[in-house]
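The values are calculated or read from the model by the stated rules, or taken from the named source; none is laboratory data. For clarity, every value in this text was computed on a predicted model and none was experimentally measured. Reconstructed Cβ throughout: ideal geometry from the backbone, glycine too, with neighbour counts over all protein chains shown.
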Amino acid sequence: MTTATEPRTFDSLDPATGAVVGTHVIADAAAVAAAVAAGGEAARWWAELGFAERRRRLLDYKAVLTRNLRQVADTIHQETGKPVGDALLETVLAITHLDWAARNARSVLGPRRVFPGLIGLNMAATLEYLPLGVIGVIGPWNYPVFTPMGSIAYALAAGNAVVFKPSELTPGVGVLLAELFAESVPERPVFQVVTGLGETGAALAAHPGVGKIAFTGSTATAKRVMAACAQNLTPIVAECGGKDALIVDRDADLPAAADAALWGACSNAGQTCVGVERVYVVDEVYDAFLRELTTRAADIRAGKDYGPITMPAQLDVIRRHVDDAVARGRAVVGGVESVRPPYVDPVIVTDVPEDSPAVQEETFGPTITVDRVADVGEALRRANATAYGLGATVFSGNRRRAMDLARRLRSGMTAINSVISFAAIASLPFGGVGGSGFGRIHGADGLREFARPKAIARQRFAMPGMRITSFRRTPAELERLIRLVTFLHGRRKK
Ligand code: NDP
C-alpha cells in the first residue's frame, strides 16, 4: 500500500517496444528545493576550488565518461530508441565539449587587466567572470547527453553547481551522467539530477535559489519557464528548436548536397533541433538535385538506418504535417503511409505552399519539403520567412556567395558545404534567434552565459591636479579636464 511519505514514481520506456527500462522518482517541489539548497552549498565549495582544480576534476570526469562510453550509449539507445552508433556519436561530441569547457574556462573567465582609457591612466581596471551559483538545466530527450552537456559542462567549468531535470523520456541517462560525475567529484553534490515530469521542471524554474535556467525544448514550454523565472528575475537561456533550411546554389556539389540534406533531415528520425526541414534549390540544378536526393532516399528505412519516434505524441504532429503537405504538394518519396508507429520512413514532398505547417512549424520527423527557386536571393527570402532562426545550411561552389548567404540567413549558426557541423565545433557558440530562443551554449559565449561579469577599478595613485570626484574640485581642475577631453576627443576626422 502506498503511504503519503513514499515518493511517487514513473517509468521510462523503450519507444520501439514499449518495455519498461527503468523506474524513477518524481521529485516534488520539496525535493527540488532540497537539491537547490544542497547545490548552493556545493557551489560555494566548487567555486573556491578555482579554475585549475576544477579543470582537473572536469578532465577526470571526461575520462570517466569516455571509459563508460558504451554504457552511456546503451542507456541512450534504450530510452530513445536511436541506434547505438548514433548514441555513441552524440556522447563523443559531448565529451569534446566537456574537454573544451574545462580547458578554456580560465582564459575566457579568469581575471584580466583591461585598458582604463587615457583619462583613467591612474587606475588599474580588472575584469573577471564569477559563477552564478546553482544552474537549473531542463533537458530534452532527442540528444539526452549532447544537448544538456552543452549547458552542464560550461556551467560547471564556470564554477557553478548544476541541478539537472532530464526529460521524463530519458531520466536514466540523466541519472547515469550524475553518478559518473560523482566518481570525479565525490565530496559535494556539485552535479545533481532531479527526475520527474513537467511539474518537477516547473518547480526548478520557480525556485528563488536558482541562478539561471538553461532550457532546451519547445517554444511553448520555454514561455512557461520564462514566466516562472520572471517571479524571481531568474535569467534564462532558451534553445527551442527550429525549421532549418538548406539552400542549394547553382554551382553546388549536388551529390554532396543531396547526401547532406538526407542525413540532416532523417538522422535521429529527424528529431534534431538543427535538422534540415526545408530545402530551396536554384532552378538550373533543381531537377538534377531532386534525382540525387530521391535516389539516395529510396534505400533509407526507419528501423534500419534510424530509430523510432521517441515521443509518441510527436507522431500526431508528423502525421498532420505530412497529410497536409501531401494533399497540397507532390510526394516524391514516401507519403501518408510512411507514418507507421512508432516508425516513420523518409518523406520528401515538393511544391508545398509556404503557409503549410510542413513549411512553417517544427515537424521533428524524417521529412523534408523541397522547392524550386529562381536564384539564391529568393532562397534566402523564403529561408528567412519563418518565426524560427536556429541553424541553416548552404551548398555552393562559390565561397564569397556562400559566406554572404551565411551572414544574411536569419539563424544563429550556418554550415557551408557540410551539415550541422557547427554543433561539433566546441569553440563556436550555439543558439538561435526569434522563436528558436536566445542566449548561447558552447564556446566562450557559452562559458560567459553561466557567469556574471565583475568589474574592479583600483586607483594606483591620485592624479595630481585632477580631483574630479571630490567636493574639493576647483574650477581650474574642471577646466584642465575639459582641455584634455577636447584634445583627446574634440577633433573631427576628415
Ligand atoms: P517540452 O518543451 O515540453 O519539454 C522540454 C523539457 O521541459 C522537458 O524536460 C520537460 O519535462 C520540461 N518541462 C515541461 N513542462 C515544463 C514546465 N512547465 N516547466 C519546466 N519544465 C517543463 O518538449 P517535449 O519534450 O514535450 O517536446 C515537444 C516539442 O518540443 C517537440 O515536438 C519538438 O518540436 C520540440 N523539442 C525541441 C527540442 C530541441 O532540441 N530544441 C528538444 C525536444 C523537443 P518532461 O519531459 O518531464 O515533460
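Things to note:
- Yes/no for residue 23 being out of contact with any strand residue (DSSP E or B) (no Cβ under 7 Å at 6 or more places or on another chain), at pLDDT 95 or above and in the same structural domain as residue 136 (by TED's automatic domain parsing): no
- Some residue of the stretch 447-467 being within 17 Å of residue 215 (Cβ to Cβ) and among the small types (Gly, Ala, Ser): no
- Within the stretch 272-373, helices (runs of 4 or more DSSP H) holding 2 or more residues that are more than 16 Å from the ligand (Cβ to nearest atom) and surrounded by fewer than 18 Cβ atoms within 10 Å (Cβ to Cβ): 283-297, 312-328
- Restricting attention to the stretch 226-258, the residues that are at pLDDT 95 or above and either at positive phi or not in a strand (DSSP E or B) (or both) total 23.
- Here residue 418 meets each of (1) crowded, with 17+ Cβ neighbours inside 10 Å; (2) in contact with a helix residue (DSSP H, G or I) (Cβ under 7 Å, 6 or more places away or on another chain) with one exception, condition (1).
- The number of residues in the stretch 257-267 being within 19 Å of residue 142 (Cα to Cα) and surrounded by fewer than 24 Cβ atoms within 10 Å (Cβ to Cβ) comes to 2.
- Residue 168 being of a type in the set (Asp, Glu) and closer than 26 Å to residue 307 by Cα: yes
- Of the helices (runs of 4 or more DSSP H) lying entirely inside the stretch 118-220, those carrying at least 3 residues that are more than 17 Å from the chain's Cα centre (by Cα) and either more than 8 Å from the ligand (Cβ to nearest atom) or on the phi > 0 side of the Ramachandran plot (or both) are 171-184.
- Any hit, the stretch 10-20, residues being among the small types (Gly, Ala, Ser), modelled with pLDDT under 95, surrounded by fewer than 21 Cβ atoms within 10 Å (Cβ to Cβ) and not assigned by TED's automatic domain parsing to the domain that holds residue 141: no
- Listed by position, the helices (runs of 4 or more DSSP H) inside the stretch 1-116 whose residues that are without any contact (Cβ under 8 Å) to a residue 24 or more places away in the chain and acidic (Asp, Glu) number at least 2 are 29-67.
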